[in-house]
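Please treat every number below as a calculation from the coordinates, not as lab data. Keep in mind that what you see is a predicted model, and the values were worked out from it rather than measured. Ideal geometry is used to build each Cβ from the backbone, glycine not excepted, and the neighbour counts take in all protein chains shown.
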Amino acid sequence: MRFNKVLLVQAKYDSAFSNVFPAGIGSLSETLDHEGLTNDVFDLNVKRNTEGMLHDKIRYFKPDLIGFSMMSLNYKYNYGVIERLKAIFKDVKVVVGGAHLSTIRKEVLENCKAIDYGVTLEGEHTLLELMKGDEDEPDIKGLLYRDAGRIIYNGDRPFIQDLDSLPYPRYKKFNKSDYSTLVSLFSSRGCPFECTFCPTKLAIGRRFFTRSAKSVVDEMQYHYDLGYRDFTFRDDNFTLVRDRVYEICDEIEKRSFRDIYLMCDAGVRADKVDRDILKRMKDVGFKMVAIGVEAGNDRV
């Protein structure tokens, strides 16, 4: 089946970052644009965007596929959004991706019958293949789908190793006045550790792949030139590879940015930072680094 139009929806979640540009659907939209595939976006976290307005958007845009990026926060509410949507737009197919789907996989489709497809882990290539329709559903890696009452999973897709090959999000389809001035950056994907409390190993995988320093800072430069000055690195383990952090800092320094405020708020491991690396980060504009507390035990 080929899909001609997809509406990418950021599912609702309650978080301090719900007013930040949604990098996930931003990246997917950019990838689809790059491939010439028609798409639009809708963010349920924007205060003025109601469920009724989502229905209006669907009537106006007329997508044949709607993609939800979903976290586990508010998942029951978002299942209801999808069920009510499908009751009205019966012919539209719904695909869900994001951390919630990648973590519990088939269980999502079991619990919400209105969901037709699931996309695990990295969504760019799986969504492209689903939309283009060149591959039969059983041949699309990373895809969950329904067949004669059964839920089928085709197995994990190999990770994207060359992250520089993906276009970075420019948020051209978003109303920028709806969002804060803080821009999220992802310079890597994955984390090789297996902390029991952390879902990253399931949601994105234990492999670790990186973007080049130039690619990362080119993205910063794009938004800086539009007037943005606040950036947060949301990697799951930004300081894992020490030399890479220094390369990014060197590239930032070359650009002669003025008045920038950099953060690393997703939480770096305490054993992957020291005074030297923190000083270098501070020198190029980092003002805050969150340190992950791995245990409440002093010995650990």
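Unpartnered cysteines of the chain (Cβ-Cβ under 4.7 Å counts as a partner)? Lacking a cysteine Cβ partner under 4.7 Å: 112, 191, 249, 264. Put simply, the amide H of residue 209, placed in the peptide plane, has neighbours under 5 Å in 189, leaving out anything fewer than 5 places away on its chain. Were the residues from residue 53 through residue 34 laid out at 0.36 nm apart, the gain over their Cα-Cα distance would be 4.1 nm. Per-residue extension of 0.36 nm, minus the Cα-Cα distance of residue 229 and residue 60, leaves a gain of 57.4 nm for this segment. Beta bridges assigned by DSSP with both partners in the chain are antiparallel in approximately 25 percent of cases. Per-residue extension of 0.36 nm, minus the Cα-Cα distance of residue 135 and residue 19, leaves a gain of 38.1 nm for this segment. When you restrict to C-alpha pairs under 8 Å that are six or more residues apart and normalise by the size of the range 181-292, the relative contact order lands at 27 percent. Exposure proxy for 254, 5: other Cβ atoms within 10 Å of each Cβ, ordered fewest to most, give 254, 5. In this simple spin-label approximation, residue 76 and residue 288 carry label points 7 Å from Cα along the Cα→Cβ vector, and these lie 3.1 nm apart.
FRET efficiency for the pair residue 83 and residue 197, taken as 1/(1 + (r/R0)^6) with r the Cβ-Cβ distance and R0 = 45 Å, rounds to 0.90.
Any chance you could give the angle, 0 to 90 degrees and rounded to 10, that helix 242-255 forms with the longest Cα principal axis of the chain? Its long axis makes an angle of about 90 degrees.
Relative to the dominant Cα principal axis of the chain, helix 75-88 is inclined by about 30°. The residues 127, 182, when put in order of fewest to most other Cβ atoms within 10 Å, stand as 182, 127.
Its Cα centre serving as origin, the range 222-300 has a Cβ charge dipole (Lys and Arg +1, Asp and Glu -1) of approximately 160 debye.
Cross-link reach is defined here as a Cα-Cα straight distance under 23 Å, omitting same-chain residues fewer than 8 places apart; for residue 90 the lysines meeting it are 5, 12, 57, 62, 76, 106, 113, 132. Between the residues 199, 288, 240, the greatest Cα displacement towards the positive end of the dipole of the range 181-292, with unit charges on the Cβ of Lys, Arg, Asp and Glu, is found for 199. Taking amide H as placed 1.01 Å from N in the peptide plane, residue 273 has no amide H partner under 5 Å among residues 5 or more places away or on another chain. Once R0 is set to 22 Å, what does the formula 1/(1 + (r/R0)^6) return for the Cβ-Cβ distance between residue 250 and residue 222, expressed as a FRET efficiency to the nearest 0.05? For R0 = 22 Å, the calculated efficiency reads 0.70. Along the axis of the charge dipole computed for the range 5-153 (Cβ charges of +1 for Lys and Arg, -1 for Asp and Glu, origin at the Cα centre), the listed residues 103, 6, 55 are led at the positive end by 55. Loop-located chymotrypsin sites (Phe, Trp or Tyr not before Pro) across the range 153-255 with a Cβ neighbour count of 10 or fewer within 10 Å are 197, with loop assigned by DSSP. Going by neighbour counts of Cβ atoms within 10 Å, the residues 183, 92, 241 line up, fewest first, as 241, 92, 183.
Taking a straight Cα-Cα cut-off under 14 Å and skipping sequence neighbours fewer than 8 places away in the same chain, the aspartates and glutamates within cross-link reach of residue 173 are 30, 33, 40, 43. Taking every Cα-Cα distance in the chain and sorting them into 20 Å bins from zero, the calculated P(r) comes out as 33, 57, 11 percent.
When +1 charges are put on Lys and Arg Cβ atoms and -1 charges on Asp and Glu Cβ atoms, the dipole computed for the chain relative to its Cα centre reaches about 660 debye. Taking a point 7 Å from the Cα of residue 175 along the Cα-to-Cβ direction, the residues of the range 52-80 with backbone N closer than 13 Å to it are 53-54, 57. Pairs of Cα atoms nearer than 8 Å and 6+ residues apart set the relative contact order; for the chain it is 15 percent.
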